[in-house]
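Have a look at the structure below before the remarks.
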Amino acid sequence: MSELANYQQWVTQATEEPEHYWRNAAEAISWDRQADTILDDADKPFYRWFAGAELNTCFNAVDRHVIDGYGEQDAIIYDSPVTGTKQKITYLQLQQQVASLAGAMASAGVTKGDRVVIYMPMIPQTLVAMLACARLGAIHSVVFGGFAAPELATRIDDAKPKLVLSASCGIEPNRLIPYKPLLDEAIELSTHKPDHTIIYQRQQLEAELQVERDLDWLTACEQAQPHDCVSVKATDPLYILYTSGTTGQPKGVVRDNGGHAVALAWSMKHIYNVNPGDVFWAASDVGWVVGHSYICYGPLINRCTTIVFEGKPIGTPDAGTFWRIISEYQVKSFFTAPTAFRAIRGCDPDGDFIKQYDISCLSALYLAGERCDPATLTWAQEQLQIPVVDHWWQTETGWPMAANLIGACPVPIKAGSPARAVPGFNIEIVDSAGEPVVKGESGMIVVKLPLPPGTLPTLWQNNQRYYDAYLSQVEGYYLTGDAGYIDSDDYLWVMNRIDDVINVAGHRLSTGRIEEVLSEHASIAEAAVIGVNDELKGELPLGLVVLSSDNELSQDEVSKELIALVREHIGAVAAFKHVVVVDKLPKTRSGKILRATMKKIANGDTYKVPATIEDETVLAQIADVLATA
Ligand code: COA
Ligand code: AMP
């Protein structure tokens, strides 16, 4: 059968007989109780997969491999050029560490359904922390280390954790990040107070512990009784992961246990083309969804060896780091963000570092997290001489919606497109009225409900916000927030966001949140933030501000203070470094700021003056200011 026919057959099965299709896929998972209903649609448009089933995700990721005789296989390889550390952890060692930490957490009062916030750097203990939560049936919420204390506090207040797991510090190439003072500040700022914290002390910087509230990780684990896996419902939450939306309040994306395990097992084989025993590497951070799905759970559920990398694609120590790791640990499939490749290409345009290593073990490179410009993809393909797979997904979906199924039925690569819809995701393009457009025409990218297993069932304790943000605009469809088109070969082209979310170095940020922070400054009357194209990071935030009438600071002083304020409130990850002072912001007659038009002007794209504009001269002034900025 041709690859295309093969693909069509899968799509037909997943679309017409989803229950049969996903029941088969569920055989990859060890269940404590089988499902009563594969797809529970009793509460449309909210769907639940594997209703009635019970399992434990940690058991599937760790214990069953030990029981099956693979205890001596490496589960995690930790490679940290920033500390000069290399360490291998077998499945048996991982099981022992996870069981001990779960025991320590249980002693601290954590039980099934409790929330636990994890604020940690890229060290193996972070995976141990996630798995220990899964083992207890507790719901983890990992917060990316690059976020500042107020962002952590917002997440603590929403998730209301009983416990926070953290480390004494993170390590960036140019500085130590003392996590503990940030955590203390966040707990000070939050209304909800966790009962305890458990702190992993790193030798680079020891943290001061507060008697009674803060527990030392190693001591707590030594004193604990190892805890066994607790069976949970397939529909119980495994984790909450906060992501940026249009407003400043992040959305708590919920991931269930059962559908998640099934979807990840399926994707490891069919998309990422790895078998049990293979080495798989996603060079991302566990603070993002890529880290959840493909540093922690996916590879471990599939009994692969996963790599925890604490470093950067360049500068730790050089642009050859990725190739050294791939060669040293015999990585078969490798996943990273296009930004990382742009950084490497910038330092090593002729691929001299690549030639220094034998990377013949590598069968494919996977890029996602932001739009992959064709030049980067083509460069990677020429240098590596292997398939370079652009694939498209988001925090909400948890695994790829569109991809080249390299492990099942590969199709020719078109640079700039993440290929076709993954079976189970019925992707369509609609216009602003929700009507289907003709093939080749651009519009909003939507996915017909029900979404497949592994995707978000809802937002944390907020069904209404889930409905309003994703399901209400086009009845019967999930709104992805992206725009693009489908070509005559059924390839999807994802071109831009339809909302005010921007993507900086593969990190998803809310311009609305940055605007909130700017507006807090006494010198600011009004602010708008837009994403402007950047050769390295894809996009960078640019603040356009109107000064208040009583401002006494110079424009330079205001800019410096605003940049510091965003860093203090959101974190260094926002990469907010550019402010432009303007007299007025362009608006529609109803008062809506014309961010999309300003973005086009800043990027040098052609733009139309909206018919609803309040004052055309304001837009002309903005164009002048941006041209000289
Ligand atoms: N903890 C604390 N601070 C962090 C952090 C963390 N975990 N991660 C990043 N930061 C800080 C950085 O130190 C930097 O601070 P600075 O402004 O003082 O320099 C800022 O946040 C921005 O970080 P980053 O986006 O990493 O930019 P960079 O300029 O340091 O490095 C690249 C540029 C290209 C090397 C880097 O962006 C990169 O590796 N990108 C790949 C993206 C990726 O993997 N995305 C994951 C989604 S799939
Ligand atoms: P996140 O939730 O942080 O993973 O960000 C998801 C968003 O990143 C998507 O909605 C897209 O806007 C963008 N994105 C991710 N992967 C791709 C891709 N392959 N092509 C284009 N955009 C992408």
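The values are calculated or read from the model by the stated rules, or taken from the named source; none is laboratory data. Worth saying up front: this structure is predicted, and the values here are computed from it rather than measured. Every residue, glycine among them, receives a Cβ derived from its backbone with ideal geometry; neighbour counts consider all protein chains shown. Quick note on the areas: whole protein, heavy atoms, side chains included, nothing else; ligands and nucleic acids left out. Shrake-Rupley method; radii C 1.70, N 1.55, O 1.52, S 1.80 Å.
Please give me the summed charge of the neighbours of A35: other residues whose Cβ is under 11 Å from its Cβ, Lys and Arg +1, Asp and Glu -1.
Local charge sum for A35: 0.
Please report Rg over Rh for the stretch 502-628, where both radii come from the alpha carbon positions and Rh follows the Kirkwood definition.
Using Cα coordinates only, the ratio equals 0.95.
Give the accessible surface of the chain per residue, rounded to a whole number of Å², with probe radius 1.4 Å and ligands, DNA and RNA excluded.
Solvent-accessible surface per residue comes out at 39 Å².
Could you give the Stokes-Einstein D for the stretch 392-445 in µm² per second, using the C-alpha Kirkwood radius, 37 °C, 0.692 mPa s?
262 µm²/s
Using a 1.4 angstrom probe with every protein chain in place, what is the largest-first accessible-area order of S284, S168?
Sorted descending by solvent-accessible area, the residues read S284, S168.
Give me the one-decimal nm value for the distance between modelled label points at Q330 and A408, 7 Å along each residue's Cα-to-Cβ direction.
With each label point 7 Å from Cα toward Cβ, the separation is 2.8 nm.
When the expected Rg is taken as 2.2 N^0.38 Å, what fraction or multiple of it is the alpha-carbon Rg of the chain?
0.94
Subtract the Cα-Cα distance of T191 and E72 from 0.36 nm times their separation in residues, and report this length gain in nm to one decimal.
On the way: separation 119, 0.36 × 119 = 42.84 nm, distance 4.51 nm.
The T191-E72 span can extend by a further 38.3 nm.
Accessible area of the stretch 502-628 with a 1.4 Å probe: how many percent of it is carbon plus sulfur?
Values: 3030 of 6250 Å².
Within the stretch 502-628, the accessible surface is 48 percent carbon and sulfur.
Report the relative contact order of the chain, percent, no decimals, based on alpha-carbon pairs under 8 angstrom and at least 6 residues apart.
12 percent
Say each of M495 and Q87 gets a label point 7 Å from the Cα, pointing the same way as Cα to Cβ; how far apart are those two points in nm?
The two pseudo-label positions are separated by 4.9 nm.
Long-range amide H contacts for A364: which residues qualify at under 5 Å (H placed 1.01 Å from N, peptide plane, sequence gap of 5 or more or a different chain)?
Here the answer is F334, since their amide H atoms fall under 5 Å of that of A364.
Treating the beta-carbon of each Lys and Arg as +1 and of each Asp and Glu as -1, no other charges, what is the dipole magnitude of the stretch 553-629 about its Cα centre, to the nearest 20 debye?
380 debye
Within the stretch 432-456, list the residues whose amide N lies under 15 Å from a label point set 7 Å along Cα→Cβ of T588.
What the label zone holds, given the 15 Å backbone N cut-off, is 432-433.
Among DSSP bridges having both ends in the stretch 502-628, what percentage is antiparallel? Round to the nearest 5. Walk me through the numbers before you get to the answer.
Working: 16 of 20 bridges.
Approximately 80 percent, going by the DSSP bridge assignments.
Roughly speaking, what is the stretch gain from Q13 to D556, that is 0.36 nm per residue apart minus the C-alpha to C-alpha distance, in nm to one decimal?
189.4 nm is the gain from fully extending Q13 to D556.
Suppose R0 equals 30 Å. What FRET efficiency, 1/(1 + (r/R0)^6) with r the Cβ-Cβ distance, do I613 and T378 give to the nearest 0.05?
Details: r = 40 Å, r/R0 = 1.32.
Between I613 and T378 the formula returns 0.15.
Report the relative contact order of the stretch 305-415, percent, no decimals, based on alpha-carbon pairs under 8 angstrom and at least 6 residues apart.
Computed value for the stretch 305-415: 22 percent relative contact order.
With each run of n ≥ 4 DSSP H residues scored as -39500 (n - 2.57), what mean residue ellipticity at 222 nm is computed for the chain after dividing by its residue count and rounding to the nearest 500 deg cm²/dmol?
Calculated mean residue ellipticity at 222 nm is -8500 deg cm²/dmol.
So what is the relative contact order of the stretch 502-628, in percent, for Cα pairs below 8 Å that sit 6 or more residues apart?
It comes to 22 percent, rounded to a whole number.
In nm, to one decimal, how far is the D352 label point from the D624 one, both placed 7 Å along Cα→Cβ?
Roughly 4.8 nm, to one decimal.
Order E441, E396, E19, most accessible first, counting only protein heavy atoms with a 1.4 angstrom probe. Spell out each step's value before the answer.
On the way: E441 95, E396 5, E19 75 Å².
Putting E441, E396, E19 in descending order of accessible area: E441, E19, E396.
With the full set of protein chains in place, find how many percent of the accessible area of the stretch 136-284 is carbon and sulfur; take the probe as 1.4 Å.
49 percent
Leaving out ligands, DNA and RNA, what percent of the accessible area of the stretch 308-362 is carbon and sulfur, probe 1.4 Å?
Carbon with sulfur: 51 percent of the solvent-accessible area.
With r as the distance between the Cβ atoms of D605 and K44 and R0 = 56 Å, compute the FRET efficiency 1/(1 + (r/R0)^6) and round to 0.05.
According to the calculation, E is roughly 0.90.
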